[in-house]
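See structure below.
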Amino acid sequence: MKMISPNDYFPRLDSFNYSALFSGLGHVWDAVGALEEYIRSVLEEAEAPEGSEGDLKGLRLEEGLILSEGLFVAPKTFMNGSAGVLIEKGVRIEPGVVIKGPTVLCEGAELRHGAYLRGSCLIGPDAVVGHATEVKNSLFLNHAEAGHFAYVGDSLLGSDSNLGAGTKLANLQFRSEKEKRDQDFRPINIRIDGEPIDTGLRKFGAVIGEHCEVGCNVVTSPGTLLGPGCWVVPNTTVPKGAYPARSMIKAAGGKLTASPRKS
């Protein structure tokens with residue numbers, strides 16, 4: 001069975017308040033390309049009030065950015081229109097965090113010290129963006145965690161997935177010198193069940209299915225899709241492509257293997 005639809009990777013989408021992002025999409029990675037426009041539509045339609053000075057205590061606005069100068073816990077759900085950020089009640093932001101819009105931070109989300117959200121971020125309920133972690137054009141579903149020193153670019157993280165310290169979800173494939181000069185980006189192609197598929201995306205990191213565990217210092221190649229329940233052994237470099245649910249992925253003797261998990 002080809003694993004290409006959103007429900008193949010995120011079976012519990014119905015429990016996510018912003019699941020409309022995936023409505024009508026034929027491929028799960030289509031959500032990466034649709035994310036910025038969807039977040040902007042959420043901000044335009046949000047009925048939350050504009051945050052007052054008191055609501056923003058601990059946060060500073062500067063040139064369209066939100067910077068955290070102290071511990072901030074959202075007392076209620078509110079908007080900051082100038083930065084293009086929706087903050088729901090209970091969001092916790094530690095000192096040193098920088099947020100660019102458009103961004104939505106869902107109830108109970110936690111942004112730890114030094115996190116950098118570069119825009120087009122949808123951080124789901126009780127999700128964690130950890131210390132010195134950079135996130136760009138990405139979705140964290142319910143309780144997804146990237147707790148330490150991670151890079152998450154143009155990626156989708158499923159509910160209850162976890163990225164170990166130092167995980168990097170690479171989103172840009174190598175380019176020739178001519179392509180760099182011409183600012184040319186080839187779309188990322190992947191193979192699923194032996195069939196080549198053009199994702200149509202110039203930048204595409206990874207799809208991390210529900211309940212995946214990604215070990216410390218793992219690097220995924222642009223266009224990696226991990227089915228629900230996959231485990232990736234620490235220090236593994238994962239080539240692009242789709243990996244079946246509940247796979248144990250590891251490199252041994254210079255060879256990558258993906259075998260069914262025994263537990």
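The values are calculated or read from the model by the stated rules, or taken from the named source; none is laboratory data. In this text, all values refer to a predicted model and were calculated from it rather than measured experimentally. Virtual Cβ from ideal backbone geometry, glycine too; neighbours counted across all protein chains shown. We work out accessible area using only protein heavy atoms, side chains counted, and drop any ligands, DNA or RNA first. Shrake-Rupley method; radii C 1.70, N 1.55, O 1.52, S 1.80 Å.
How much of the accessible area of region 24-118, in percent, comes from carbon and sulfur atoms when a 1.4 Å probe is used?
Working: 2050 of 4460 Å².
Exposed carbon and sulfur together represent 46 percent of the surface.
Report the relative contact order of region 114-220, percent, no decimals, based on alpha-carbon pairs under 8 angstrom and at least 6 residues apart.
Details: 282 pairs, mean separation 25.6, N = 107.
Across region 114-220, relative contact order equals 24 percent.
Can you tell which of Ala150, Phe174, Phe16 lies farthest toward the positive end of the dipole of the chain, using +1 and -1 charges on the Cβ of basic and acidic side chains (Lys, Arg; Asp, Glu)?
Value: Phe174.
Can you tell me, using C-alpha contacts under 8 Å and at least 6 residues apart, the relative contact order of the chain as a whole percent?
Values: 760 pairs, mean separation 30.9, N = 263.
RCO, the chain: 12 percent.
Run the dipole for region 1-47 about the Cα centre, Lys and Arg Cβ at +1, Asp and Glu Cβ at -1, nothing else charged, and hand back the magnitude in debye, nearest 20.
Values: 3 positive and 8 negative charges, 60 e Å.
Here the size comes out at about 280 debye.
Just check region 115-263 against the gyration tensor rule for me: Cα atoms, a ≥ b ≥ c as the square roots of the eigenvalues, rounded for a/c under 1.5, and otherwise prolate or oblate depending on whether a/b exceeds b/c. Don't skip to the answer; put the middle values down first.
Numbers: a/c = 1.62, a/b = 1.10, b/c = 1.47.
Oblate, because a/c is 1.5 or more while a/b does not exceed b/c.
With a 1.4 Å probe and every protein chain left in place, work out the accessible area per residue of region 123-263 in Å², rounded to a whole number.
Values: 6010 Å² over 141 residues.
Accessible area per residue: 43 Å².
Taking only C-alpha pairs under 8 Å that are 6+ residues apart, what is the relative contact order of region 1-156 in percent? List each step's numbers first, then the result.
On the way: 385 pairs, mean separation 22.9, N = 156.
Taking the mean separation of contacting Cα pairs over the length of region 1-156, I get 15 percent.
Where does the charge balance sit around Ala74 when Lys and Arg score +1, Asp and Glu -1, over other residues with C-beta under 9 Å from its C-beta?
Values: positive: Lys76, Lys89, Arg92; negative: Asp55, Glu88, Glu107.
Net of charged neighbours comes to 0.
What net charge do the residues around Lys136 carry, taking every other residue with its C-beta under 14 Å from that of Lys136, with Lys and Arg at +1 and Asp and Glu at -1?
Numbers: positive: Lys100, Arg118, Lys168, Arg202, Lys203; negative: Glu36, Glu134, Asp154.
Summing Lys and Arg as +1 and Asp and Glu as -1 gives +2.
Jot down the per residue volume, in cubic angstrom and as a whole number, of the convex hull over the alpha-carbon atoms of the chain. Don't jump to the answer; show the numbers that get you there.
Details: hull volume 35.1 nm³, N = 263.
Here the figure is 133 Å³ per residue.
Among bridges DSSP assigns within region 40-107, what percent are antiparallel (round to 5)?
Working: 12 of 16 bridges.
Antiparallel bridges make up about 75 percent of those DSSP assigns within region 40-107.
Quick one: longest stretch of the chain between exposed loop GluC sites (Glu not before Pro), exposed meaning at most 13 other C-beta atoms within 10 Å and loop per DSSP? Mind dumping the intermediate values first?
Details: sites that count: Glu47, Glu53, Glu63, Glu69.
It runs 70-263.
Would region 52-109 count as rounded, prolate or oblate if I go by the C-alpha gyration tensor, calling it rounded below 1.5 in a/c and otherwise prolate when a/b exceeds b/c, oblate otherwise?
Details: a/c = 1.35, a/b = 1.11, b/c = 1.22.
The shape class here is rounded.
Under the classification rounded if a/c is under 1.5, otherwise prolate if a/b is larger than b/c and oblate if not, where does region 115-176 fall, given a ≥ b ≥ c as square roots of the Cα gyration tensor eigenvalues? Write down the numbers at each step before the final one.
On the way: a/c = 1.76, a/b = 1.51, b/c = 1.16.
Note, shape of region 115-176 comes out prolate.
How much net charge surrounds Ala170 when only the other residues with a Cβ under 14 Å from the Cβ of Ala170 are counted, with Lys and Arg +1 and Asp and Glu -1?
On the way: positive: Lys136, Lys168, Arg175, Arg202, Lys203, Lys240; negative: Glu134, Asp154.
Within the 14 Å Cβ shell, the charges total +4.
Tell me the per residue accessible area of region 62-109 using a 1.4 Å probe; a whole number in Å² is fine.
Working: 1810 Å² over 48 residues.
On a per-residue basis, 38 Å².
Just to confirm the number: angle between the C-alpha axis of helix 30-45 and the first principal axis of the chain, 0 to 90 degrees, nearest 10?
It works out to around 10 degrees.
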